[in-house]
1. Counting just the residues of the range A:133-151 that are among the charged types (D, E, K, R) and surrounded by fewer than 23 Cβ atoms within 10 Å (Cβ to Cβ), which one comes out nearest to the other protein chains (Cβ to nearest Cβ)?
2. Enumerate the pairs (first residue in the range B:292-315 and in a helix (DSSP H, G or I); second residue anywhere and of a type outside the set (Lys, Arg) and exposed (fewer than 10 other Cβ atoms within 10 Å of the Cβ)) with beta-carbon separation below 9 Å, excluding pairs fewer than 6 apart on the same chain, so at least 6 apart or on different chains.
3. Residue under question is A:Thr124, and the condition is that it be within 26 Å of B:Asp188 (Cα to Cα) and either more than 8 Å from every other protein chain (Cβ to nearest Cβ) or loosely packed, with under 15 Cβ neighbours inside 10 Å (or both); does it hold?
4. Quick one: which of B:Gly171, B:Gly163, B:Gly177 is within 14 Å of chain A (Cβ to nearest Cβ), over 11 Å from the mean Cα position of the chain (by Cα), part of a loop (DSSP other than H, G, I, E, B) and of a type outside the set (Asp, Glu)?
5. Name, by its number, the condition in (1) modelled with pLDDT under 90; (2) in a helix (DSSP H, G or I) that does not hold for A:Ala205.
6. Of all residues in the range B:12-41, which are under 27 Å from the mean Cα position of the chain (by Cα) and open to solvent by less than 60 Å² (accessible area, probe 1.4 Å)?
7. Return the total of residues in the range B:34-70 being charged (D, E, K, R), within 11 Å of chain A (Cβ to nearest Cβ) and touching a Gly at 6+ places or on another chain (Cβ under 7 Å).
8. Can you go through A:Val61, A:Val90 and tell me which one is assigned to a helix (DSSP H, G or I) and within 14 Å of another protein chain (Cβ to nearest Cβ)?
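The values are calculated or read from the model by the stated rules, or taken from the named source; none is laboratory data. A quick note: this is a predicted structure, and the numbers were derived from the prediction, not measured. Backbone-built Cβ (ideal geometry, glycine too); neighbour counts: all protein chains shown. Note: areas computed on protein heavy atoms with side chains; ligands, DNA, RNA excluded. Shrake-Rupley method; radii C 1.70, N 1.55, O 1.52, S 1.80 Å.
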Amino acid sequence: MKQILLITDGCSNVGASPVMAAAHALQEGITVNVAGVIDYGTIGELGSLEITEIAKAGGGVSHIVGTRQLAQTMQMMTRKTVVQTIQQAVNKELKTILGDGSLEELPPQQRSQVVQVVDELTETTPLQVALLIDASASMKPKLAAVEDAIRDLMLSLQAREGRSELAVFHFPGRNSTEDAVMDTDWIQDLGGVRNLFQRIQMKGATPTGPAILKVIDFFRYGTLDGQTWRGNDGEGEGMLGDYVV
Amino acid sequence: MTTSSRPAYPAGTVITGKWHNNRFVIRRVLGQGGNGIVYLVHKAGYRNLYALKMGYDTLDLQSEINVLTSLQSQSRHQDGLKGSFKTPFLLEVDDFTGMGKEVPFYVMRYIEGNPIHHFIRRRGEEWVGITGLRLLEKLTGLHRLGFIFGDLKPDNVMVSDYGQVELIDYGGVSKIGRSVKQFTEWYDRGYWNAGSRSSDEAYDLFAFAVLMIQLLNEEGLKAACAQLLPQTRNCSELLNLIGRSPRLKPYAPWLRKAVQGEFPGSREALAAWKQQIYAPAISGRAPGKTPRWLINTFAFSVIMLGAAVYFVFFK
């Protein structure tokens, strides 16, 4: 199961529409969740509308939170999305078996059995979460909290029985041709990673849409190419650099 | 999280089950958990009181019901288990249509009492030993059935007027070996960088230790949480607190072991707790050192006696 978790504090202003990009992600089987981070002031009306729409188009959920609740919200959204995705698949199966039966319409006894299956799958399905961090200038004071939240999410994912991996990206890149930068490739443990965002240069532009498309490509490359992307340090980033949409 | 205020049903609302057609009358709201709102109800036409939990989400609530059912059927096979679920816990599972929506609910035994922190505040700290013991018994019972409680915090521990302890809100109960479903920052081992978020007996014991620290030195715990940055937060801060606080002293050796995950299991932890709370009465300070002031006064009185004898006989 694949997820993108976008962490941002406002509006995109460059390139392709992020809502359209999220729709593409969903098409590829990648759910997009959005955490809107506020701390000083509020996310404008436009910003919060965009956040909701990205999540809707990406088949995921969105929440607007302060940095203090960020860690818990990210954990909750990730888990919730796994459950939802599995539930959707199970509901589809149910419809083919029962003709017309969503979970809510089943009598309690059968419902209990279905939920057992969903719970089992929630715990054991392999999961990949790509974190996409908005590192535009206004996010700078929040990055430390974001990093803590990412470490906390990793801890929760490590407790799962199924294989769980994280990759971290931020945007914008160092120059205008670079829409997203990889901070870490797929990993199952953040213990060895000292500083997630050491190469960040804060800039004003917020190319959320192009960055999402980049991450979709990253997922696609991983699944298309027979040889895995694991273990080849450095190569992944190079790939990302010249893989232009 | 998503515990924003949801509209609660007013007293007198009748909840009619869709599958079993039983009717329950709402008396008041008892509390709010991660998965739903709990009401105090009575069955229409009867006086007995029950707790009725309405779920926010069918799947989440059903998952909780599954845990309760499995606990109940398993504890039936294990007789004579202390701290198990003797009276039927889960009475009914059903749906009803409210505010134009299907709402899942279940009815369970009503547990009368107060959250443990209120109880201790009112009754005094000398109750920590016995309520702690009973809480550990409950946890050990749960562990023997292959589950951990997960989201252990004061609000989920009810204490009756006479110190009987019951766990409420089974939304965080997780199978041993699985990931912990629900947790609360302070009591979470992961939050203190003191271990994983996988369900094992030590996870509950860690939360229990933090809960005890909170009961006996809440200010200290608050200060420790506020000062620390997430990267530097670790269990040595808790250990310092245990060492510093005089009120935690009687429990210090036990708490240290629990925080560091040194108990092999909850049974050993339970035995150690028992030994600890009953130890002071037997081997306390009685045979210890005589206080300094007593020695000094005694020495002084011997000198006075000597002086008196001298004056009487030799003058």
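1. Filtering the range A:133-151 for residues among the charged types (D, E, K, R) gives A:134, A:140, A:142, A:147-148, A:151.
Now drop any that are not surrounded by fewer than 23 Cβ atoms within 10 Å (Cβ to Cβ), which leaves A:140, A:142, A:147-148, A:151.
Details: A:Lys140: 17, A:Lys142: 13, A:Glu147: 9, A:Asp148: 4, A:Arg151: 8 Å.
The qualifying residue nearest to the other protein chains (Cβ to nearest Cβ) is A:Asp148.
2. Short answer, once both residue conditions are applied: B:Phe298/B:Thr290.
3. On the way: within 26 Å of B:Asp188 (Cα to Cα): yes; either more than 8 Å from every other protein chain (Cβ to nearest Cβ) or loosely packed, with under 15 Cβ neighbours inside 10 Å (or both): yes.
Yes, satisfied.
4. Working: B:Gly171 fails: part of a loop (DSSP other than H, G, I, E, B); B:Gly163 fails: within 14 Å of chain A (Cβ to nearest Cβ).
Step by step, each of B:Gly171, B:Gly163, B:Gly177 is checked, and only B:Gly177 is within 14 Å of chain A (Cβ to nearest Cβ), over 11 Å from the mean Cα position of the chain (by Cα), part of a loop (DSSP other than H, G, I, E, B) and of a type outside the set (Asp, Glu).
5. Only one criterion in (1) modelled with pLDDT under 90; (2) in a helix (DSSP H, G or I) is unmet by A:Ala205, namely (2).
6. At the first step, the residues of the range B:12-41 found to be under 27 Å from the mean Cα position of the chain (by Cα) are B:27-41.
Across the range B:12-41, the qualifying residues are B:Gly31, B:Gly33, B:Gly34, B:Asn35, B:Gly36, B:Ile37, B:Val38, B:Tyr39, B:Leu40, B:Val41.
7. Within the range B:34-70, the first condition is being charged (D, E, K, R), and the residues that meet it are B:43, B:47, B:53, B:57, B:60, B:64.
Of the ones still in play, those that are also within 11 Å of chain A (Cβ to nearest Cβ) are B:57, B:60, B:64.
Then keep just the ones that are touching a Gly at 6+ places or on another chain (Cβ under 7 Å); that gives B:64.
Summing the residues that are charged (D, E, K, R), within 11 Å of chain A (Cβ to nearest Cβ) and touching a Gly at 6+ places or on another chain (Cβ under 7 Å) in the range B:34-70 gives 1.
8. On the way: A:Val61 fails: assigned to a helix (DSSP H, G or I).
Going through A:Val61, A:Val90 in turn, just one is assigned to a helix (DSSP H, G or I) and within 14 Å of another protein chain (Cβ to nearest Cβ): A:Val90.
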